[in-house]
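FYI, it's all coordinate maths here, none of it is from the lab. Keep in mind the model is a prediction, meaning the values are calculated, not measured. Note that we place each Cβ from the backbone using ideal geometry, even for glycine, and neighbour counts take in every protein chain shown.
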Amino acid sequence: MRASSPSLCALLLTLACAKPGADDGRDPTGGVTTQGESGSSGDGDGDGSGDGDGDGDGDGDGDGDPTGDGDGDGDDGPKFDLGTPDDLPPVELVPVMDLPNLESITFYERTGGMAPTPFTFTVNGPELTVRLDDPLLNNNHDIPGASGEFYDVYYSDEDGGFQLDGSYLTISGTFTQALPAGGGLNLAEISLNFSDQTVEYGNYVASFVALGDNAVPENVERAIDGDLQTHTTMGNTVGQMDRLRVTLGFDSTSGPPG
């Protein structure tokens, strides 16, 4: 049976004029959208956040993150480039001996007993302003320790090299006892002593040398923990040409750890 012409025309007109409804779940381009996904700025199917998988809340499970970091986090507000440490100006070093109102410097060395022994030197004294020649002996040292243990203290660069206008302080030395003896260079702290009675301890270990079979290099951070009851154990120099050494930086001279 053939449909009448008026009926056929009405049917064709109805089909031609029909449009997808706003809530029929269909994207005119063929994609499927859900409530809250506009599909206007994404690169996927109805994806409003640009992450390629219909993720409208930026939960980080997509691959089209508009920030370019791959985590889908596109709604955390503006991003600012604060630079990297390499972009920041270097810290201006200050010679230790030039610090205003600095009166003396104390090295707390532990050789037995209930507490470390303080060895205090004036800012312009002969101990800190000279690096002693090797070998360190009974008549050639700044600080004595146990038998066969002698130390030299001085202003330095960050690698422990003598530098009169250096921004770091170094203690280096020799110790001639291996195991079963405990390791030498037992530094608790170094303090800068100011005229107003305030003190400043080192804030980071710039460099160090640990040698021998009784060294505990992982304890070197004890020289900057502010606790006089802890100390370093840098080992011994039996059969060695080098000295044991700890070099510290200070916030007022070399800034924060870099």
Starting at the first residue of the range 231-242, write each ³J(HN,Hα) from the Karplus equation 6.51 cos²θ - 1.76 cosθ + 1.60 with θ = phi - 60°, in whole Hz, x for Gly and Pro. 7, 7, 9, 8, x, 9, 10, 4, x, 10, 9, 8
What residues from the range 220-238 fall in the zone where the backbone N is under 20 Å from a label point 7 Å along the Cα-to-C-beta line of residue 114? 227-231
Between residue 207 and residues 5 or more places away or on another chain, the pairs with built amide H atoms under 5 Å apart involve 247
Computed ³J(HN,Hα) along the range 209-218: with the Karplus parameters 6.51/-1.76/1.60, θ = phi - 60°, integer Hz and x for glycine or proline, the list is 10, 10, 9, x, 7, 10, 7, 10, x, 5
